[in-house]
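Single-structure report; data block below.
The values are calculated or read from the model by the stated rules, or taken from the named source; none is laboratory data. All values reported here derive from a predicted model rather than from experimental measurement. Cβ atoms come from the backbone with ideal geometry, glycine included; neighbour counts cover every protein chain shown.
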Amino acid sequence: MFSADDHRFMQQALELAKRGLWTTTPNPRVGAVLVRNGEVIGRGYTQPAGFAHAEVAALEDARKNGHDVRGASIYVTLEPCSHFGKTPPCATALIDGNVARVIAAMEDPNPLVRGQGFDALRNAGIEVRCGLLEAEARELNLGFVSRMMRRRPWVRLKAAASLDGRVALANGVSRWITSEDARRDGHAWRARACAVLTAIGTVRSDDPMLDVRLVETSRQPPRLVLDARLEIALDTKLVQTAKSGSQVTIFTAEDNPVRAAELGARGCEVVQIGARQGKIDLEALLLELGVRQINELHVESGPGLNGAFVASGLADEILLYVAPCLLGPGQPIATLAEIGSLSERKILEFSDVEQIGPDVRLLARIGELGWLKEK
Ligand SMILES: NC(=O)c1ccc[n+]([C@@H]2O[C@H](COP(=O)([O-])OP(=O)(O)OC[C@H]3O[C@@H](n4cnc5c(N)ncnc54)[C@H](OP(=O)(O)O)[C@@H]3O)[C@@H](O)[C@H]2O)c1
């Protein structure tokens, strides 16, 4: 159904989309390539929110270089939008530009679009085809797809462990188990996330900053902390940098206006959220993060919160850096309840394996992810 040229141009559109990996949030990462008579005449990718979407950027690129876009084909990694958001609809821009063909990788799962962009284009007499390199396009926007379909972010648990699966010594020391290469790579994953989350146990033992330092970025994701009883110390790096750095939001189960005011005066946002047996209700948390337009949530916590995410079925993948060392007794990646039979074990699936310096990076998917492929 799709030719070799179609594949080649869509592959280019996907590569362009990746340029927005760290910057398009809360919008999806989209790339577009305009082609006329077999020649690429315009390229574009989604700019930061409020600025041009990929299709409009590609049209502008072509016109800037003196090309006539009438009758051209556009390869775009997501269905052109049909609604007014911060920018006018892309479908209208394509109709006004008199393009002849739209080849899309996937339908937009956004309920405000979901096929309506295609309908508008078809009604204007434009040929539309969808489904080229769809799996790759979905992978690029799994956070956006998650938020549109489940109303909550894609949850990625990141950990650094020894070969015997320890993320810290028994005494809590964990710095550093993996190499600087692995830590730099970890910062690139922070940079693509819409928010970075930790819990009070890690704040107590590691006093992390949770910012992106080891790679260059134009955007710092907001930093989130789970702290059911508002125990975070005022001299922690997170509290101390709440005014100067990216936003720090503390989710708590405690109604403690005095403490909340102390933290608020230091620049922290304090949000009271539902609790279950004294612990923050993770499902309520994720729904709140969905409302806050968080697509990809990057979790850097210890075995306590990691275990809670896995046990509740709310974790989607584990990003694990494994160092070639053995630590003996220590803390596990995730604290889970004891099981008596291997048939009860949690099954994951490796979706990516890569050597990073002396360490290995594993990406393991967890849970029922059929929704990711649903339309
Ligand atoms: N190597 C690595 O990648 C890495 C990364 C991070 C941390 N660490 C290590 O991990 C250790 C700390 O582990 P930890 O388990 O204490 O830290 P943690 O997971 O960051 O925090 C534990 C806290 O999470 C909250 N929590 C636990 N279960 C929950 C649930 N079901 N729902 C909601 N919240 C829940 C609880 O706090 P509240 O109930 O008070 O909210 C609990 O005290 C340290 O030694 C640190 O160095 C290692």
- request: Test each condition in (1) modelled with pLDDT of 95 or more; (2) surrounded by 15 or more Cβ atoms within 10 Å (Cβ to Cβ) for Arg114 and report the one that comes out false.
  value: (1)
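Please note which helices (runs of 4 or more DSSP H) are completely contained in the range 256-354 and include at least 1 residues that are farther than 30 Å from Asn27 by Cβ, under 27 Å from the mean Cα position of the chain (by Cα) and touching a residue at least 12 places away in the same chain (Cβ under 8 Å). Talk me through it step by step, then tell me what you get.
On the way: elements: 257-265, 282-291, 303-311.
Qualifying helices (runs of 4 or more DSSP H): 303-311.
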field: Residue selected from the range 184-193 under the condition touching a Leu at 6+ places or on another chain (Cβ under 7 Å) and in contact (Cβ under 8 Å) with a residue 40 or more places away in the chain, by the criterion surrounded by the fewest Cβ atoms within 10 Å (Cβ to Cβ)
entry: Trp189
message: Suppose we filter Gly302, Gly307, Gly290 for residues that are of a type outside the set (Phe, Trp, Tyr) and either more than 12 Å from the ligand (Cβ to nearest atom) or more than 20 Å from Phe251 (Cβ to Cβ) (or both); which single one remains?
response: Gly290
field: Among the candidates Val196, Val225, Val215, residue that is β-branched (Val, Ile, Thr) and either away from the ligand (no atom under 13 Å from the Cβ) or surrounded by fewer than 19 Cβ atoms within 10 Å (Cβ to Cβ) (or both)
entry: Val215
- request: Among the numbered conditions (1) under 26 Å from Ala311 (Cα atoms); (2) buried (at least 17 other Cβ atoms within 10 Å of the Cβ), tell me where Val291 comes up short.
  value: (2)
task: State whether one or more residues within the range 170-179 are in contact (Cβ under 8 Å) with a residue 12 or more places away in the chain, of a type outside the set (Gly, Ala, Ser) and more than 10 Å from the ligand (Cβ to nearest atom).
output: no
The range 228-255, residues that are assigned to a loop (DSSP other than H, G, I, E, B), more than 10 Å from the ligand (Cβ to nearest atom) and not hydroxyl-bearing (Ser, Thr, Tyr): Ala233, Leu234, Asp235, Ala242, Lys243, Gly245, Gln247, Asp255
task: Identify the single condition in (1) farther than 21 Å from Gln116 by Cα; (2) surrounded by 14 or more Cβ atoms within 10 Å (Cβ to Cβ); (3) at pLDDT 95 or above that Leu78 does not satisfy, given that it satisfies every other one.
output: (1)
- request: Could you give me the residue pairs with C-beta distances under 9 Å whose first residue belongs to the range 361-375 and is within 18 Å of Gly186 (Cβ to Cβ), whose second residue is among the basic types (Lys, Arg) and part of a strand (DSSP E or B) wherever it lies, and which are 6+ apart or on separate chains?
  value: Leu363/Arg156
query: Of (1) part of a loop (DSSP other than H, G, I, E, B); (2) closer than 30 Å to Asp206 by Cβ, Arg190 satisfies all except one. Which?
result: (1)
